[in-house]
1. What angle do you read, to the nearest 10 degrees and between 0 and 90, between the alpha-carbon axis of helix 73-86 and the longest principal axis of the chain?
2. What is the ratio of the Cα radius of gyration of the chain to 2.2 N^0.38 Å, with N the residue count, to two decimals?
3. Which value at 222 nm does the chain reach when only helices count, each DSSP H run of 4 or more adding -39,500 (n - 2.57), with the total divided by all residues and rounded to the nearest 500 deg cm²/dmol?
4. Could you pull out the trypsin sites (Lys or Arg not before Pro) across segment 15-77 that fall in loop regions by DSSP (anything but H, G, I, E, B) with no more than 15 other Cβ atoms inside 10 Å?
5. Between 0 and 90 degrees, rounded to the nearest ten: what's the tilt of helix 52-63 against the longest Cα principal axis of the chain?
6. Given R₀ = 35 Å, what would the calculated FRET efficiency be for Leu56 paired with Met1, taking r from the Cβ atoms and rounding to 0.05?
7. Quick check: at a probe of 1.4 Å, how many percent of the accessible area of the chain sits on carbon and sulfur atoms?
8. Going by alpha carbons, how many degrees (0 to 90, nearest 10) lie between the helix axis of 8-17 and the longest principal axis of the chain?
Amino acid sequence: MTRFSIDPTTFLQLALMERRPHSSHQLVAPNSLRSRSLELLLGKVRAGQIDDREALEIHERLTEVKVRLLGDRVSRRTAWDLARRCDWENLADAECLAVTKLQADALVTIDAGLASKAAHIVPLAPLDDLFTE
């Protein structure tokens, strides 16, 4: 079994693609994954890219994706340390990297900014790795 950490952008992409990871993989993410993904959907509605009905359909698909959400003391402390060491303004990306560092084999992200931050901190894997054994 391979454990992949995912970020909200990638989580949303899975729902948009209507694809599920291969059964031999486990997804992990910070506790904030679902609410941050919903915020991304809200942004798309506010920008006129999708309507409420479509956003709620996508949200429903998000709830069907099995993800182990983590947010224990060690994860939070690791995120804090990463954000301080890297001089980041918030903990959002640091949380993803902390969960990856502590609980996953690699981070899968379609967010170029996060991938750039992660490159020297955790292993990265392409999105397609989620769908192969």
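1. Its long axis makes an angle of about 80 degrees.
2. 1.03
3. Helices in the chain give a 222 nm mean residue ellipticity of -16000 deg cm²/dmol.
4. Sparse-neighbourhood loop trypsin sites (Lys or Arg not before Pro): Arg19, Lys66.
5. 50
6. In this case the efficiency is close to 0.60.
7. Carbon and sulfur together cover 47 percent of it.
8. 40
The values are calculated or read from the model by the stated rules, or taken from the named source; none is laboratory data. Remember, predicted model here, so these are calculated numbers, not experimental data. In this analysis, Cβ positions are derived from the backbone assuming ideal geometry, glycine residues included, and neighbour counts consider all displayed protein chains. We work out accessible area using only protein heavy atoms, side chains counted, and drop any ligands, DNA or RNA first. Shrake-Rupley method; radii C 1.70, N 1.55, O 1.52, S 1.80 Å.
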